[in-house]
Amino acid sequence: MKPAPFSFVAPESLDEVVQALAEHGDDAQILAGGQSLVPLMNLRLARPEVVVSINRCHELDYIRLVDDRLVVGALVRQIDAETSPLVQAECPLLAKALPHVGLPATRNRGTVCGSLAHCDPLAELPAVALALDAELVLTSAAGERRVPADDFFLTEMTTCIEPGEVVAAVALARQDPSERSALHEVSNGGHAFPVGGVALRWATVDGVCTMARIAAFGVGSVAQRLGDAEKALVGSDLGPEAIAAAVAAARAEVNPTGDIHADADYRRHLVGVLLERGLLEGEAP
Ligand SMILES: Cc1cc2nc3c(=O)[nH]c(=O)nc-3n(C[C@H](O)[C@H](O)[C@H](O)COP(=O)(O)OP(=O)(O)OC[C@H]3O[C@@H](n4cnc5c(N)ncnc54)[C@H](O)[C@@H]3O)c2cc1C
């Protein structure tokens, strides 16, 4: 099946992208790596009148440090972030997550920001963005606004992006070298999307947990921060009791649904297993 008819524009700058979006409004849709949009268009589940490609906007292809944040531009391919020494040094949680995303072939084209804008409940990167206190940089003819990840992901395939807006970049918290982090997921083998997973990072001082960020994916309509589980860890010695309390809190916080891949009880149980595994196996960055 082929896509419904559409017109195609390929601006060469962010300003031109914003102009094209302002001109076409609700009829326009951004094309980044196309690894999710093109299959949806081929299945006619997405029918944009106008496809606005960002693939010639090389000004969006950067990874750089800005103050206390690692900023990833909208055209950065997942494979480039995965192999970036700056990402490995400053956001090891992101570097650990990327090999789990699709296949090398899809990561060659797929973008980091595209995965965030797509907001698939099974995707790893929205959970990583939550765990890294990310801010999404949204640009339109009206200017730029920065949205915390906690307010960006709304529900399945739905974010707070308004018509006329493009995600220009994502700004991630730089991880302190003493932090530990882990991403664990379960999938039905091969390169299938995961059934569920957990992304986490934490820090300790003199054996006491001073910071914890935990986010789960595949356990609801959107990636979810597990605030109660974080609270169960902060101030603790991260001993067996604290971990058990965090696991219980995590299972209580999620409200998973079942599907052909796994039922709700399995997913609830899985969150606890993967959280414990992450805390016990979390390597140094
Ligand atoms: C075989 C296969 C396996 C996969 N497995 C996984 C997996 O295990 N885990 C996973 O997370 N993903 C997986 N994916 C999806 C992949 O990661 C996609 O790359 C990602 O979901 C979308 O990124 P993209 O750059 O390809 O965006 P596109 O497909 O171009 O766009 C996706 C959506 O986001 C919007 N969009 C994209 N960029 C922007 C922007 N800058 N501003 C505003 N809106 C934007 C588009 O309009 C569209 O609605 C898989 C894909 C394939 C084909």
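Tabulated results
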| read-out | value |
| --- | --- |
| Given (1) closer than 25 Å to Asp259 by Cβ; (2) in a strand (DSSP E or B); (3) of a type in the set (Gly, Ala, Ser); (4) open to solvent by 10 Å² or more (accessible area, probe 1.4 Å), number of the condition Gly197 does not satisfy | (4) |
| Filter result for Ala169 (in contact (Cβ under 8 Å) with a residue 60 or more places away in the chain and in contact with a Ser or Thr (Cβ under 6 Å, 6 or more places away or on another chain)) | no |
| Residue satisfying condition, being within 14 Å of the ligand (Cβ to nearest atom), out of contact with any Pro (no Cβ under 8 Å at 6 or more places or on another chain), open to solvent by 20 Å² or more (accessible area, probe 1.4 Å) and basic (Lys, Arg), within set Arg69, Arg77 | Arg77 |
| Lone unmet requirement of (1) under 30 Å from Leu238 (Cα atoms); (2) among the hydrophobic types (A, V, I, L, M, F, W, C); (3) buried (at least 23 other Cβ atoms within 10 Å of the Cβ) for Met211 | (3) |
| Per-region count, segment 221-254, residues open to solvent by 20 Å² or more (accessible area, probe 1.4 Å) and in contact (Cβ under 8 Å) with a residue 60 or more places away in the chain | 4 |
| Members of segment 59-100 that are free of Cβ contacts under 8 Å to residues at least 40 places away in the same chain, within 16 Å of the chain's Cα centre (by Cα) and either over 20 Å from Asp133 (Cβ atoms) or assigned to a helix (DSSP H, G or I) (or both) | Ile79, Asp80, Ala81, Glu82, Val87, Ala95, Leu98, Pro99 |
| Residue in segment 10-26 that is at negative phi, outside the structural domain of Ala105 (by TED's automatic domain parsing), assigned to a strand (DSSP E or B) and under 25 Å from the mean Cα position of the chain (by Cα) present | no |
| Of residues in segment 106-123 being open to solvent by 10 Å² or more (accessible area, probe 1.4 Å) and assigned to a helix (DSSP H, G or I), the one farthest from the ligand (Cβ to nearest atom) | Asn108 |
| Any hit, segment 126-148, residues being open to solvent by 20 Å² or more (accessible area, probe 1.4 Å), in contact with a Ser or Thr (Cβ under 7 Å, 6 or more places away or on another chain) and within 14 Å of the ligand (Cβ to nearest atom) | no |
| Matching residues, segment 158-194, being under 29 Å from Asn55 (Cβ atoms) and outside any strand (DSSP E or B) | Cys160, Ile161, Glu162, Pro163, Gly164, Glu165, Arg174, Gly190, His191, Ala192, Phe193 |
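The values are calculated or read from the model by the stated rules, or taken from the named source; none is laboratory data. Just so we're clear, the structure is a prediction, and the values are computed from it rather than from any experiment. Quick reminder, even Gly has a Cβ in these numbers, built from the backbone with ideal geometry, and neighbours come from all protein chains shown. Accessible surface areas use protein heavy atoms only, side chains included; no ligands, DNA or RNA. Shrake-Rupley method; radii C 1.70, N 1.55, O 1.52, S 1.80 Å.
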